[in-house]
Amino acid sequence: MTKEDPIVKALQQYTTCDVSDALIKLKYRNGGFLSGLTMWSPHRQEGATKIVGPAYTVRYVPLDDPRPKHPTHYIDDVPQGSIVFVSAPAKTPNAVYGGLMSTRARALGAVGSVIDGRFRDLQEQRDLHYPIFARDVGTAPPAELLKVVAVNVPVKLQTDEQEDMMINPGDYIVGDINGVVVLPKEMAEQALPLMAKQVEADAKMQVAIEGGMSFAEASKKFRG
């Protein structure tokens, strides 16, 4: 049994919003938010599903890219406790991830998959109760357009909303009903105490506001 990562354990109690609040305080861009990635399985933007784990990254590129195809199937090397993060070129109409990928990832102990692109076999994913966050769904497989050239390499978020937003292998990914955030692994120990402080302050603010205090007054009193 793999020893539990203490960072992953600590992050379990926080939402993606809590993580972003802490990263904003540390001046990390957009609070680590990865725009356009939302929950599709086990439900569509509903429920308490949350995934937390280090990123196992997969890079797809167009077939005419000169780099050779990765020699083995990435899904057979998914580390236990990880989150599979699949990067596909922007605006690819084909899906890059399907139900059998989740079946294998789940068997290896992955906690969920984040697809920066399209995925397919939505009902299969839901029947597995396997968490999927993605840009959209599709029906066609990727082989006519794309190939995998690397795993566990830095990948860039495929959106024009956030230029050069990177996900590095081992960075902590947190996904819930609010969306997906990346917590750079080198910032995790700094960020966690800030999350705790913010959550405590917000809890006190909520009680005070419910008791009739204004938001501005409560914010000044508890957030400083």
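The values are calculated or read from the model by the stated rules, or taken from the named source; none is laboratory data. Remember, predicted model here, so these are calculated numbers, not experimental data. No Cβ is skipped: glycine too gets one built from the backbone with ideal geometry, and neighbour counts run over all protein chains shown. The area values use the complete protein model at the heavy-atom level, side chains included, leaving out ligands, DNA and RNA. Shrake-Rupley method; radii C 1.70, N 1.55, O 1.52, S 1.80 Å.
Filtering segment 1-16 to residues that are open to solvent by less than 60 Å² (accessible area, probe 1.4 Å) and either under 16 Å from Gly170 (Cβ atoms) or assigned to a helix (DSSP H, G or I) (or both) leaves Asp5, Ile7, Val8, Ala10, Leu11, Thr16.
Residue count for segment 108-131 satisfying the condition of being open to solvent by 50 Å² or more (accessible area, probe 1.4 Å) and part of a helix (DSSP H, G or I): 4. Going through (1) over 12 Å from Arg135 (Cα atoms); (2) open to solvent by 60 Å² or more (accessible area, probe 1.4 Å); (3) in a loop (DSSP other than H, G, I, E, B) one by one, Gly81 falls short only on (2).
Could we say that Pro54 is within 16 Å of the chain's Cα centre (by Cα) and in contact (Cβ under 8 Å) with a residue 24 or more places away in the chain here?
Working: within 16 Å of the chain's Cα centre (by Cα): yes; in contact (Cβ under 8 Å) with a residue 24 or more places away in the chain: yes.
When the stated conditions are applied, Pro54 passes them.
Considering segment 89-107, and only residues there that are assigned to a loop (DSSP other than H, G, I, E, B) and hydrophobic (A, V, I, L, M, F, W, C), the residue that is surrounded by the most Cβ atoms within 10 Å (Cβ to Cβ) turns out to be Val96. Quick check on Glu163: is it among the acidic types (Asp, Glu) and over 20 Å from the mean Cα position of the chain (by Cα)? Considered against the rule, which asks whether it is among the acidic types (Asp, Glu) and over 20 Å from the mean Cα position of the chain (by Cα), Glu163 comes out as no. Which residue pairs have Cβ atoms closer than 7 Å, lie 6 or more positions apart in sequence or on different chains, and pair a first residue in segment 3-30 that is closer than 12 Å to Met195 by Cα with a second residue that is polar (S, T, N, Q) and open to solvent by 90 Å² or more (accessible area, probe 1.4 Å)? Matching pairs, first to second residue: Leu26/Gln190.
Among the residues of segment 173-186, those identified as out of contact with any helix residue (DSSP H, G or I) (no Cβ under 6 Å at 6 or more places or on another chain) and buried (at least 22 other Cβ atoms within 10 Å of the Cβ) are Ile173, Gly175, Val180.
With respect to (1) touching a residue at least 60 places away in the same chain (Cβ under 8 Å); (2) surrounded by 17 or more Cβ atoms within 10 Å (Cβ to Cβ), the lone exception for Gln190 is condition (2).
Are there any pairs with C-beta distances below 9 angstrom linking a residue in segment 139-157 that is more than 22 Å from Ala55 (Cα to Cα) to a residue that is of a type outside the set (Val, Ile, Thr) and surrounded by fewer than 16 Cβ atoms within 10 Å (Cβ to Cβ), with the two at least 6 apart or on different chains, and if so which? Short answer, once both residue conditions are applied: Ala140/Pro93; Ala143/Leu63; Glu144/Leu63; Leu145/Pro62; Leu145/Leu63; Leu145/Pro93.
Within segment 17-55, work out how many residues are open to solvent by less than 30 Å² (accessible area, probe 1.4 Å) and either charged (D, E, K, R) or touching a Lys or Arg at 6+ places or on another chain (Cβ under 8 Å) (or both). Selection size over segment 17-55: 4. Remark: pairs (first residue in segment 159-170, closer than 14 Å to Ala90 by Cα; second residue of a type in the set (Ser, Thr, Tyr) and at pLDDT below 95; Cβ separation under 6 Å; 6+ apart in sequence or on different chains) are absent.
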